[in-house]
Amino acid sequence: MTETIALLGCGFVADLYLRSLQAMPGISVHSVHDRDMDRLSRFCAHWQLRAEPELGAFLGGLPKGCVVLNLTNPAAHYTLNKALLEAGHHVYCEKPLALDLGQAKELCALAAARGLLLASAPCSVLGEAAQTLGHALRSGTAGPPRAIYAELDDGFIPQAPYAKWHSESGAPWPHEDEFRTGCTLEHAGYYLTWLISWFGTVRKVVAASAEVLPDKAGLGGVAPDLSVATLFFENGPVTRLTCSIVASHGHGIRIFGDRGVLSCDASWDNAAKVRFAQRRALRRRLVENPFPRRIRLPQPTHPKVKRWGAAAMNFMLGPAEMLDALRENRPCRLSAEFALHLTEVTLAIQNAGEDAGAQVMTTRCAPMEPMPWAK
């Protein structure tokens, strides 16, 4: 049985979804819309898809209850998510769900009222690395977790040759949107989704954010390019999360438990190695095993994709989970509540500035059901 999705927006990230789709049999694309006709034509010609130049015709021509991937610029997410829901379609939105918490809450209420699914990227939380770490936590491999350090630092991006970065179909890396939106809204979710899936609700955020590299690409003051957050969970360890496009590249996470340290070095690689270094006393010193043991889940897990650029992620794991949930008539792991809580925590970090202090979260989210192959 072939299931159908549609794409709204075909910029840089859309090619990553289509490359991932090649690894996901049984899912087809009904149609694609983008406001840029040249980009739409180029993308659809490259992937041999049907273009729909008019938004109204796109919305009205989709099958009832279609899962639509909103891959547009972040500033358009709220407006287009609302239009999709009002048209009766399930929505999978690239991050962030909205740029304002009130708007995100409105979208979730609308989805609930219409009986529609609303989910937000990133979906790497459904990938093998995140699920392996989750399994190790549930199994007590490292003992009770006491603290977590996570980094999403991308290097000194304003000096990178980003003008040369183009997607498979030729779309340029959208540096203006990236800088205006900010690295926290763009990237914090890659570890926040993992953390929330394991521990559930973040009850309080203590964060600071700043723009330490002004005038990026001649844009003047834009979004913070550095943030540091301490997260306090209702039922989880205190966590420190950093996001920047300043500090040297590092996408690692370390979970410090009573028995040792669980770690993963590459959040953007679904097949990244998960390791456990046991802690022990050696003579008069306390040491961690310099040759950590790799932790693996039984195979197979999910379809993998080859590395393209900075990532080796299957971007279609999220839409596939939505389709599976609809077909099986069960709750979707990427629920609207999950997306809303992710949005609130991310916005709290992004907008913290120097003086926000402790911010109490107003939304809640239960831990995520593990994937069947990770239980």
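The values are calculated or read from the model by the stated rules, or taken from the named source; none is laboratory data. These numbers come from a predicted model, not from an experiment. In this analysis, Cβ positions are derived from the backbone assuming ideal geometry, glycine residues included, and neighbour counts consider all displayed protein chains.
A compact table of results
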read-out: In segment 252-286, the residues that are in contact with a helix residue (DSSP H, G or I) (Cβ under 8 Å, 6 or more places away or on another chain), part of a strand (DSSP E or B) and under 16 Å from E151 (Cα atoms); value: I253, I255, L262, C264, A266, D269, V274
read-out: Residue identified as touching a residue at least 60 places away in the same chain (Cβ under 8 Å), closer than 14 Å to F199 by Cβ and within 18 Å of the chain's Cα centre (by Cα) among L133, L137, L152; value: L133
read-out: Residue that is of a type in the set (K, R), touching a residue at least 60 places away in the same chain (Cβ under 8 Å), crowded, with 16+ Cβ neighbours inside 10 Å and within 30 Å of T301 (Cα to Cα), where the choices are K105, K95; value: K95
read-out: Pair list, Cβ < 6 Å and 6+ apart or interchain, from segment 291-305 residues that are under 15 Å from C264 (Cβ atoms) to residues that are in a loop (DSSP other than H, G, I, E, B); value: R294/K273
read-out: Identity of the residue in segment 311-322, in contact (Cβ under 8 Å) with a residue 60 or more places away in the chain and among the small types (G, A, S), that ends up nearest to I196 (Cα to Cα); value: G318
read-out: Pair list, Cβ < 6 Å and 6+ apart or interchain, from segment 228-239 residues that are loosely packed, with under 15 Cβ neighbours inside 10 Å to residues that are of a type in the set (S, T, N, Q); value: E234/T201
read-out: So H187, is it surrounded by 15 or more Cβ atoms within 10 Å (Cβ to Cβ), within 21 Å of the chain's Cα centre (by Cα) and either aliphatic (A, V, I, L, M) or within 18 Å of S267 (Cα to Cα) (or both); value: yes
read-out: Residue in segment 94-106 that is modelled with pLDDT of 95 or more, assigned by TED's automatic domain parsing to the domain that holds N351 and basic (K, R) present; value: no
read-out: 1 or more residues at pLDDT 95 or above and of a type in the set (G, A, S): qualifying helices (runs of 4 or more DSSP H) within segment 127-230; value: 128-139, 189-199
read-out: Filter result (in a loop (DSSP other than H, G, I, E, B) and in contact (Cβ under 8 Å) with a residue 40 or more places away in the chain) within segment 50-66; value: L62, P63, G65, C66
read-out: Filter result for the condition that a residue is surrounded by 15 or more Cβ atoms within 10 Å (Cβ to Cβ), touching a residue at least 12 places away in the same chain (Cβ under 8 Å), assigned to a loop (DSSP other than H, G, I, E, B) and not basic (K, R), over A348, A352, A325; value: A352
read-out: Sole exception among (1) surrounded by 15 or more Cβ atoms within 10 Å (Cβ to Cβ); (2) under 25 Å from P370 (Cα atoms) for L110, by number; value: (2)
